[in-house]
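The values are calculated or read from the model by the stated rules, or taken from the named source; none is laboratory data. Model, not experiment: these values are computed from the prediction. Reconstructed Cβ throughout: ideal geometry from the backbone, glycine too, with neighbour counts over all protein chains shown.
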Amino acid sequence: MEPIRNILRHKKATVKYYEAEATKVDYAKKVVYINDESEIKGDVMSTEVPFDMLVVGVGAENATFGIPGVREHSCFLKEVGDAQQIRKRIMDCVETASFKGQTPDERKRLLHMVVVGGGPTGVEFAGELQDFFEQDLKKWVPEIVDSFHVTLVEALPNVLPMFSKQLIDYTEKSFKEESITIRTKTMVKNVTDKAIEAEYTKPDGTKEKEIMPYGLLVWATGNALRPVVKDLMAQIPAQKDSRRGLAVNEYLVVNGTENVWAVGDCAIANYAPTAQVASQEGAFLARLFNSLAKTETINKELAGLSEAQATAAGDKRTQIFEEIKTLQRSLKRVKQIGPFEYSHQGSLAYIGHDKAVADISWLSGNIASGGTITYWFWKSAYVNMCFSWRNRLLVCMDWVKASLFGRDVSRE
Ligand SMILES: Cc1cc2nc3c(=O)[nH]c(=O)nc-3n(C[C@H](O)[C@H](O)[C@H](O)COP(=O)(O)OP(=O)(O)OC[C@H]3O[C@@H](n4cnc5c(N)ncnc54)[C@H](O)[C@@H]3O)c2cc1C
């Protein structure tokens with residue numbers, strides 16, 4: 001994580017930052033209502049921020065598709081707190097499974113780690129969890145070796161649907177070698193505190209009910225709208241047919257508005273909800289707003305010069321005329337901001353056991369690769385994408401620390 005304060009202190013522009021939850025946007029009144037959600041409260045706990053222009057970038061929340069029991073019994077994987085909760089739950093399961101006199105069936109249930117969702121998040125987590133078992137848990141708690149098991153559940157016929165066929169096959173083969181079970185065409189229907197009820201579609205098209213007892217359930221099936229976004233959409237008639245987020249035009253303006261923009265996972269612009277898209281959209285909006293600001297400044301200067309030219313004479317008048325021409329030329333340059341175009345750099349996923357898969361865009365084609373070299377490429381790409389040198393260093397130091405002393409399993 002990169003503290004926002006750390007990013008802002010290096011910016012030239014004045015940015016006022018409030019750590020708060022935006023509870024509602026009143027589009028007609030042009031106001032955002034905010035609450036201080038921190039544990040320590042002051043005199044003012046909620047207030048409003050008026051706006052002329054608004055950018056919505058609140059991301060999305062976890063999709064549960066209304067399946068009963070998912071919200072109550074699953075761990076999600078979005079915020080840092082979610083990752084800490086997963087770590088706590090894994091270690092709780094391991095310790096409870098090792099408790100004196102635990103029955104073999106209960107031990108097996110507690111050590112069954114189920115990941116639902118075969119996209120990059122689910123695949124990466126399943127691979128990393130198996131690594132944790134192979135590299136650390138096995139040594140610390142040898143008595144769990146026979147019972148620990150990771151299962152990846154996916155409703156579609158294969159995992160990683162955005163990758164090429166050869167990489168999907170490679171991932172499935174690698175998971176088999178790593179003893180991770182992949183259950184495709186398996187749709188979760190209900191979740192209780194100890195078991196998942198699912199429906200498997202057999203090759204002949206018939207369905208079969210299944211009960212999977214579990215100790216840890218990680219739910220990684222994609223995104224759903226945040227309430228604040230849903231509420232804003234309800235206020236804009238042009239958004240009534242949009243289901244998955246704020247529909248935007250090619251300049252990222254929210255359809256049906258003139259002064260609201262949306263970026264990232266809460267915006268629907270026909271791109272996948274990835275950080276790659278979100279960061280390019282953010283950079284585009286920064287360029288667009290800079291251009292708007294420059295245009296405004298130049299227009300003001302032009303108005304001033306036109307007035308001065310009207311009263312000036314001789315050389316002075318010619319000089320002002322030249323200045324106007326120069327400003328008009330720079331105005332033309334500034335205004336040349338085309339619509340947003342996403343440039344896809346490729347897709348990467350870690351699949352465990354020091355292997356990764358990559359579909360990289362290269363010139364006008366695509367390079368598909370998988371294995372240990374791709375894993376080093378994956379590592380270097382992610383270190384490179386960290387926001388600051390501070391974070392790059394921290395991540396590398398953490399990798400070294402984990403390889404020397406094992407992963408951190410502290411629970412509080
Ligand atoms: C486990 C995992 C792995 C991923 N790996 C990759 C990857 O390898 N490559 C890739 O391209 N993408 C990846 N993604 C997707 C990527 O993280 C998202 O697409 C990206 O973060 C979206 O950016 P965003 O700014 O729209 O939303 P977010 O990053 O979710 O940021 C939204 C922010 O808004 C805040 N917020 C939410 N509601 C409110 C509110 N009401 N008021 C105030 N603040 C609010 C949130 O706290 C959050 O800080 C991954 C996602 C997950 C969950």
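Worth pointing out:
- Scanning region 243-274 for residues that are in contact (Cβ under 8 Å) with a residue 12 or more places away in the chain and not in a loop (DSSP other than H, G, I, E, B) turns up 246, 247, 248, 254, 260, 261, 262, 264, 265, 266, 267, 268.
- Some residue of region 359-366 being over 28 Å from residue 283 (Cα atoms) and loosely packed, with under 15 Cβ neighbours inside 10 Å: no
- Pick from region 54-78, criterion within 11 Å of the ligand (Cβ to nearest atom) and in contact with an Asp or Glu (Cβ under 8 Å, 6 or more places away or on another chain), ranking: farthest from residue 216 (Cα to Cα): 59
- Residue list for region 265-278, restricted to those being near the ligand (Cβ under 6 Å from one of its atoms) and either at pLDDT below 95 or surrounded by fewer than 22 Cβ atoms within 10 Å (Cβ to Cβ) (or both): 273, 274, 275, 276, 278
- Checking region 151-160 against the condition returns no match, with no residue being farther than 17 Å from residue 215 by Cα, outside the structural domain of residue 368 (by TED's automatic domain parsing), of a type in the set (S, T, N, Q) and in a loop (DSSP other than H, G, I, E, B).
- Pair list, Cβ under 8 Å, 6 or more apart: region 142-156 residue over 18 Å from residue 120 (Cβ atoms), other residue in a loop (DSSP other than H, G, I, E, B): 143/98; 144/98; 144/111; 147/111; 148/111; 149/111; 149/179
- Looking across region 121-163, just one residue is among the hydroxyl-bearing types (Ser, Thr, Tyr) and in contact with a strand residue (DSSP E or B) (Cβ under 6 Å, 6 or more places away or on another chain), and that is 151.
- Within the option set 127, 122, 118, being assigned to a loop (DSSP other than H, G, I, E, B) and at pLDDT 95 or above holds for one residue only, 118.
- If you go through region 165-222 and keep only what is in contact with a Leu (Cβ under 8 Å, 6 or more places away or on another chain), assigned to a loop (DSSP other than H, G, I, E, B) and surrounded by fewer than 20 Cβ atoms within 10 Å (Cβ to Cβ), you end up with 184, 185.
- Positions within region 30-47 being among the charged types (D, E, K, R) and over 18 Å from residue 229 (Cβ atoms), in sequence order: 36, 39, 41, 43
- Residues located in region 338-353, provided they are free of Cβ contacts under 8 Å to residues at least 40 places away in the same chain and more than 14 Å from the ligand (Cβ to nearest atom): 338, 341
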